[in-house]
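*Asks:* Take a look at the following structure, please.
The values are calculated or read from the model by the stated rules, or taken from the named source; none is laboratory data. Predicted model only: the values in this text are computed from it and were never measured. Ideal geometry is used to build each Cβ from the backbone, glycine not excepted, and the neighbour counts take in all protein chains shown. Ligands, DNA and RNA are stripped out before the accessible areas are found, and what is left, the full protein with its side chains, is counted by its heavy atoms. Shrake-Rupley method; radii C 1.70, N 1.55, O 1.52, S 1.80 Å.
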Amino acid sequence: MIKTATKILFLAIATSFSFLLFSPPPKSFYHSLFISTALSDNVSASQHLWTLTRRPHVAGSEANAEAAAYVLSVFTSCNIKSHIASYAVSLTYPVSRSLSLTRPFPEPTIDFSLRQEIYDGDPFADVADQVLPTFHGYGKSGTATGPVVYVNYGRVEDYVTLKEMGVNVSGKDYGGGSGDARWFPDDKWMPPSGVQVGSVYDGVGDPTTPGWASTEGCERISNEEVEKTGDVPLIPSLPISAQDGHTIMRSIEGQVVNQDWQGDKDAPIYRTGPGPGVVNLSYKVSMQPSFNFSISQRNVLILRFNKSDCRYNQYFTNCTCFRGTNVIATIQNVIGVITGTEEPDRFVILGNHRDAWTFGAVDPNSGTAALLEVAERLEKLRKKGWKPRRTIVLCNWDAEEYGLTGSTEWVEDNREMLASRVVAYLNVDSAVYGPGFYASATPQLDELLKQATQQVQDPDNSSQTVYDSWVGSSHSPVVSAMPIALNCTTLMR
């Protein structure tokens, strides 16, 4: 599956490149050679993926710096002029967390372990202890105590529904999805103890340097100014597993919610609350991170429930937020440049981020592996005499998970040059996550995507193209609108 989907991805990218870069037309010798299996196979892409995902590599960590060095070494081995563009950005890491549930007497208090369990035969069990404790990026340090209220997804309409039901909700919330499936390693869904980690930052780039690059020693806005932007939360939050969420949901009484608010078939009956279960959360941001960072003062904290298969919510009648510290960490973008021969001042950029909350096998390093495979194929073409018409820039971003940070800082650092030279940006983070072909783009590239897929053979059916498969699937060829949370966001502005 991984080999097949990766093949689809880099072949589609290659064909897109032919429209943007190659002269003569796409049926040229070099284009045909690029997408042929004679030039390379998937062994190298598989090796890249294994190397990049052998250890957890969150932004700012030593492991992620090693991954950057690996990407740089591959670019360099392909004779691509490459360098690392480093930035000093504000990031947060967890130092302590606790979550307990107090139930009516005689039920005992439950102290949640907040631990994601490994599974039998897990090939990465030896490095599981290197995974950071579950947390929210840019979460705020503090404590919160209160009876539990279920708020579905926490949308405005969900609060309206509760108000109509006579439920008083004055705190904050969480929501999730529902489903009915097996879980990893038997299927793609998270196991009961799995937790979806993420960022609660609502902006892009380093929140302390809005609009300018986070270079060493640059000016930064204060903690108070960051909070006034409205892009960082003012209450504590913490993502939790479906398993712990179900336990909390069982402590809620009150009205039974409608069917569209209920969980899966194995979930308890969902009620509105409040209480009688009372949750107590304590969370503190790293003051002495386990990585080799310089530290600068800033406040941080938050709480939130995660769900792989169901939905729950928490609100607090008492919340105390306190001042912690954040980290000014060095992040590393890896940039490779192949200079064009006819239009060297016109750039076509292929980008992908490298950092991951944990191992990142799908998001983003299946895309990183495809990026490296493209680099290697382009070098093989150059050895056969090919030269690109326009300049190709290969970008491997850092700290995307926190808020598109690496790409945003690089664009802010090179704004004028990029505004006048970039003609197209192609991004791939999740190259492999199941069968089928999916794409999103600005309207100008819709037709390009269709033409590209019409020239790439479907690896699972040699009698048709990827486009034929796309047309015949349940996702018949629709090019989605470009997501807001993508590395090209700042480039598009």
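*Asks:* When you check Asn326 against the structure, is it open to solvent by less than 10 Å² (accessible area, probe 1.4 Å), touching a Gly at 6+ places or on another chain (Cβ under 9 Å) and either in a strand (DSSP E or B) or basic (Lys, Arg) (or both), yes or no?
*Replies:* no
*Asks:* Looking for whichever is assigned to a helix (DSSP H, G or I), among the aliphatic types (A, V, I, L, M) and surrounded by 22 or more Cβ atoms within 10 Å (Cβ to Cβ) here; the options are Ala452, Ala419. Which one fits?
*Replies:* Ala452
*Asks:* Test Thr53 against the criterion of being within 13 Å of Glu376 (Cα to Cα) and among the polar types (S, T, N, Q), and give yes or no.
*Replies:* no
*Asks:* If you scan the stretch 365-402, which residues turn out to be assigned to a helix (DSSP H, G or I) and open to solvent by 10 Å² or more (accessible area, probe 1.4 Å)?
*Replies:* Listed by number, the residues that qualify are Glu376, Glu379, Lys380, Arg382, Lys383, Glu400, Glu401.
*Asks:* Kindly check whether there is at least one residue in the stretch 428-439 that is surrounded by 17 or more Cβ atoms within 10 Å (Cβ to Cβ) and farther than 30 Å from Pro185 by Cα.
*Replies:* No: zero hits.
*Asks:* Here's another thing I want to ask about it. Any idea which of (1) assigned to a strand (DSSP E or B); (2) of a type in the set (A, V, I, L, M); (3) open to solvent by less than 10 Å² (accessible area, probe 1.4 Å) is the one Val337 doesn't satisfy?
*Replies:* Failing condition for Val337: (3).
*Asks:* Under 8 Å between Cβ atoms, which residue pairs at least 6 apart in sequence (or on different chains) link something in the stretch 255-268 that is over 14 Å from Asp158 (Cβ atoms) with a partner that is of a type in the set (Phe, Trp, Tyr)?
*Replies:* Going by the 8 Å Cβ cut-off, the qualifying pairs are Val256/Tyr270; Gly263/Tyr270.
*Asks:* Would you mind telling me which numbered condition in (1) among the small types (Gly, Ala, Ser); (2) open to solvent by 30 Å² or more (accessible area, probe 1.4 Å); (3) modelled with pLDDT of 95 or more Ala85 fails?
*Replies:* Condition (2) is where Ala85 drops out.
*Asks:* Hey, does the stretch 73-80 have a residue that's under 30 Å from Asn223 (Cα atoms), part of a helix (DSSP H, G or I), polar (S, T, N, Q) and open to solvent by 50 Å² or more (accessible area, probe 1.4 Å)?
*Replies:* No, there is no match, as no residue in the stretch 73-80 is under 30 Å from Asn223 (Cα atoms), part of a helix (DSSP H, G or I), polar (S, T, N, Q) and open to solvent by 50 Å² or more (accessible area, probe 1.4 Å).
*Asks:* Residue under question is Glu224, and the condition is that it be exposed (fewer than 13 other Cβ atoms within 10 Å of the Cβ), modelled with pLDDT of 95 or more and among the charged types (D, E, K, R); does it hold?
*Replies:* The answer is no for Glu224.
*Asks:* With the condition kept exactly as written, say whether any residue in the stretch 101-109 is modelled with pLDDT of 95 or more, among the aliphatic types (A, V, I, L, M), surrounded by 19 or more Cβ atoms within 10 Å (Cβ to Cβ) and within 30 Å of Thr272 (Cβ to Cβ).
*Replies:* Yes - at least one qualifying residue is present in the stretch 101-109.
*Asks:* Continuing with this model, one more query. For the stretch 228-243, which positions are over 22 Å from the mean Cα position of the chain (by Cα) and under 22 Å from Gly146 (Cβ atoms)?
*Replies:* Leu234, Ile235, Gln243 - these are the residues of the stretch 228-243 that are over 22 Å from the mean Cα position of the chain (by Cα) and under 22 Å from Gly146 (Cβ atoms).
*Asks:* Determine the pairs where a residue that is under 18 Å from Thr51 (Cα atoms), located within the stretch 118-132, has a partner that is of a type in the set (A, V, I, L, M) and assigned to a loop (DSSP other than H, G, I, E, B) with Cβ atoms under 6 Å apart, the partner being 6 or more residues away or on another chain.
*Replies:* Within 6 Å, the pairs are Ala125/Ile118; Ala128/Ile118.
*Asks:* Restricting to the stretch 160-206, and then to whatever is open to solvent by 20 Å² or more (accessible area, probe 1.4 Å), modelled with pLDDT of 90 or more and among the hydroxyl-bearing types (Ser, Thr, Tyr), can you tell me which residue is farthest from Ala59 (Cα to Cα)?
*Replies:* Ranking the candidates gives Thr161 first.
*Asks:* Residues in the stretch 445-463 that are farther than 16 Å from Ser32 by Cβ, in contact with a helix residue (DSSP H, G or I) (Cβ under 8 Å, 6 or more places away or on another chain) and of a type in the set (S, T, N, Q): how many?
*Replies:* 2
*Asks:* Do we find a residue being small (Gly, Ala, Ser), open to solvent by 30 Å² or more (accessible area, probe 1.4 Å) and not in a strand (DSSP E or B) anywhere in the stretch 144-159?
*Replies:* No, the conditions are met nowhere in the stretch 144-159.
*Asks:* Residues in the stretch 242-256: is at least one charged (D, E, K, R), in contact with a Lys or Arg (Cβ under 8 Å, 6 or more places away or on another chain) and surrounded by fewer than 19 Cβ atoms within 10 Å (Cβ to Cβ)?
*Replies:* Among the residues of the stretch 242-256, at least one is charged (D, E, K, R), in contact with a Lys or Arg (Cβ under 8 Å, 6 or more places away or on another chain) and surrounded by fewer than 19 Cβ atoms within 10 Å (Cβ to Cβ), which makes the answer yes.
*Asks:* Can you confirm whether Thr358 is modelled with pLDDT of 95 or more and assigned to a helix (DSSP H, G or I)?
*Replies:* So Thr358 does not fit the description; no.
*Asks:* Here is a follow-up. Is there a residue in the stretch 82-95 that is within 30 Å of Met249 (Cα to Cα) and in a loop (DSSP other than H, G, I, E, B)?
*Replies:* yes
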